Every structure is written in C-alpha cells, then in structure tokens.
Amino acid sequence: MAKARPARIQDLLGMVHALYPPSLAEEWDNVGLQVGDPAATVSRVLISLDPSEAALAAAEAAGAQALLSHHPLFLRPLKNLTPGDEAGRVALGAVRAGVALLAAHTNLDRASSGLNDWLSERLGLEAAVPLSPGGGELLKLAVYVPAGYEDAVSEALFAAGAGAIGRYDRCSFRATGTGTFRPGPGTTPFLGAEGKNEASREVRLETLLPREHLGRAVERMKKAHPYEEVAYDLYPLANRREDVGLGRLGRLAAPETLHRFASRVREALGASAVRVVGDPERSVSKVALCGGSGAGLLSEAARAGADVLVTGDVKYHEARQAEARGVALVDAGHFPTEHLAVEGLVQALRAEAERRGLKIEFLEMEGETDPFRTV
C-alpha cells in the first residue's frame, strides 16, 4: 500500500461529499464547510453530534484541525457574528484556534450507508430500504467500446459506483454496431492509420450512475478504454433514485410484541426511556424508522404497511394521528436515534481516507449526552 500523504480541508470535504453528497440534503439545510480555510492542512478530525462549545474545546485539546458534526452550526443566514450566543462563540473560537467546522446533516440521513442504515442495523432490521425514496440525480452513461473490451470498461465503471438499480448492481445494456472514424495528423490510433477511413465493430455500453460518481467513473472508464479519444454520451434522467431517501423500512427477523420491541430499542440505543403509542401486546414485524425528528414520515409509514415507526421528537397530535392510522410509535428521542452517527462517520471516513491514501486520523467526541433527563 502506498504511503499516506498529507491532506487539506478540501480533501476532507471531498471525502465527506463523496460518501454523503450535498445534493441529497434538504433545501433548507446547510451542509459542508461552515467555518475554515479549504487549503489548510488537516491530520486529525474530531467527530461529534453537535457543534457545541464543549466539542470545540475537545477538538482543540485533541490537537484536531477540524470538527465534523452531524448538526450544522448555522441553518439560517447570519445577521451578525458575536459572542452573544453559542453559535457565535463557537465560530469565533474555531477561527482563533484554526479549527475548521464541517457538517453532514440531511445528506447523511438520506445517503446509502448513512445514518438511517446504521440505525436499521442497530435495531436488527432485515432488507431495509428507503421509506421515502429520492434525492440526488441519476445519469445514463453510454460509451462506445471496440468489441472485446466491453468487459474491462464495464468493470471499471462498476468499480466507480455505476450500474446500481435498487438492490441490483453491475447493471448495464450492450448493443453491437459499426463505428466509423478517421485518425487525424499526429494521432496514434488503436485501430486504423492516420488519414485513412476506418470502420470497426463496436459495442455501445450503457449504464446508470449517480451524478456524484461522474468524475471518478469517467476517469476510470477512460483509463480502461483502449481508444486514444473515447466517444461517450451523458444523459440526465428524471428517474427517481431508489437507493437513497428519508427513513428506512424493513422487517424484524421474527415478530415480537410492541412492548418487547420498544424495550429492545431502548437497550440498543442506550436511551433512558422511550415513549410508546399503541397496544403493548400488539405484534410488530414491519418497521419504519427515521433518526432525529421523523414523525413527518407517518403517512409514508402507514402507506407502506409498517406496524411501527421508530423516531424522536413526537408531538401530541402526531401521536393521535398514529393512533387513528393504526401505526404504533416508539419515540426513542432525538439524541439516541442520531448519536450513532458519530461512530458510523468515524468508521466510514477512516476507510475512505485509507482508500484515498490520505493521512487523517478520526476521533469520536466523548462525553456528549442527551439534554433530556427522565425523572
């Protein structure tokens, strides 16, 4: 393995955006670099749920040059920046300390292998899929390859993230035809000769890819392609992506009572207590979930036939609506349903940094606690 190279904040940002594209974020959200210089060097990153004063102090104490949090420091346009509130104190303190502030919020919620997938795994859901699919943009890539090289080019595209449709991967379409061209002066053609017309048997290879994988896919495709000049087309699609979206919907390995399931949720998430709506003895098998504040997905959960929705921040009238629609609720709180993002981000970014050969250390923020107490 090549020796890891030093990194800059822009490298860190590129890693975060590759895994959790900003195009997946809600329109009202603010993700990415909040405070800091993209060209500054970074060797250590602290990851937290909140961009609090305590988190900034912990980043400084750990010698970190960046603090990556799930919740953004700023959600609304600033009218001033003063030490009169915590956001201002954190921003000003970060600038003084040379600590960049970044956030991965609803893009992390929607992404494949993001927060809600980690929550699904923690609760033991099987075959979990987005509860409300959509987000980001799909492209169709069509490339013309000389016969006999279509496998090498398709493998390069698949390795770059192309070819996934739902739970299927390595998806493509191939059609054979005749390609014509004439090599110009100074060329070194794979087929034919300079200044002479050439016709060759070619394969039109088509596949789908998310826009965020476009740069890497085209780069790898060109490296695998034998032609000096590669002919390819890109088409924006109106298709809805099924691999990303809000919430998740899956099944338990075996049905269990709502009371047992709620108790298991509390234990799995380390919550002091959970609030439950529904008959404790009813059987639940099909589970919808959304980390943080996901009661707005109640209608989607009901339409999908979910027995129960697990989320946080449930309000009284939302609980009444759930009763009326026959969907049980387990309110495990905002903090318990999202705090697992810290561990998940650390593991995902460590792997991505190693893959890219970047010398960055990722640390978990210790000591963050739920602001709510049960008395």
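The values are calculated or read from the model by the stated rules, or taken from the named source; none is laboratory data. Quick caveat: nothing in here was measured; it's all calculated off a predicted structure. Cβ atoms come from the backbone with ideal geometry, glycine included; neighbour counts cover every protein chain shown. For accessibility, only protein heavy atoms count, side chains too; no ligands or nucleic acids. Shrake-Rupley method; radii C 1.70, N 1.55, O 1.52, S 1.80 Å.
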**Item:** Residues of region 11-42 that turn out to be within 12 Å of Leu358 (Cα to Cα), in contact (Cβ under 8 Å) with a residue 12 or more places away in the chain and out of contact with any Asp or Glu (no Cβ under 6 Å at 6 or more places or on another chain), as a count
**Value:** 4
**Request:** Search region 110-128 for residues being part of a strand (DSSP E or B) and out of contact with any Asp or Glu (no Cβ under 7 Å at 6 or more places or on another chain), and hand back the single one that is surrounded by the fewest Cβ atoms within 10 Å (Cβ to Cβ).
**Result:** Ala127
**Request:** State all residues of region 151-168 that are outside any loop (DSSP other than H, G, I, E, B) and open to solvent by less than 40 Å² (accessible area, probe 1.4 Å); if no residue qualifies, say none.
**Result:** Val153, Ser154, Ala156, Leu157, Phe158
**Prompt:** In the set Asn116, Asn80, Asn107, which member is more than 20 Å from Gly14 (Cα to Cα) and either under 14 Å from the mean Cα position of the chain (by Cα) or touching a residue at least 60 places away in the same chain (Cβ under 8 Å) (or both)?
**Reply:** Asn116
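A quick yes/no check of all residues on (1) assigned to a strand (DSSP E or B); (2) open to solvent by 10 Å² or more (accessible area, probe 1.4 Å); (3) farther than 18 Å from Leu115 by Cβ; (4) modelled with pLDDT under 95:
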site	(1), (2), (3), (4)
Ala253	yes, yes, yes, no
Phe261	no, no, yes, no
Val265	no, no, no, no
Val276	yes, yes, yes, no
Asp279	no, yes, yes, no
Ser285	yes, yes, yes, no
Gly305	no, yes, yes, no
Thr311	yes, no, no, no
**Candidate set: region 15-57, residues that are part of a helix (DSSP H, G or I) and open to solvent by 30 Å² or more (accessible area, probe 1.4 Å); chosen: the one nearest to Glu137 (Cα to Cα)** = Ser23
**Gly148 out of contact with any Lys or Arg (no Cβ under 6 Å at 6 or more places or on another chain), part of a loop (DSSP other than H, G, I, E, B) and farther than 30 Å from Ala341 by Cα** = yes
**Request:** Look through region 205-251, keep the residues that are of a type in the set (A, V, I, L, M, F, W, C) and part of a helix (DSSP H, G or I), and return whichever of them is farthest from Gly14 (Cα to Cα).
**Result:** Ala224
**Request:** Kindly provide the set of residues from region 67-112 that are at pLDDT below 95 and touching a strand residue (DSSP E or B) at 6+ places or on another chain (Cβ under 9 Å), ordered by number.
**Result:** Phe74, Ser112
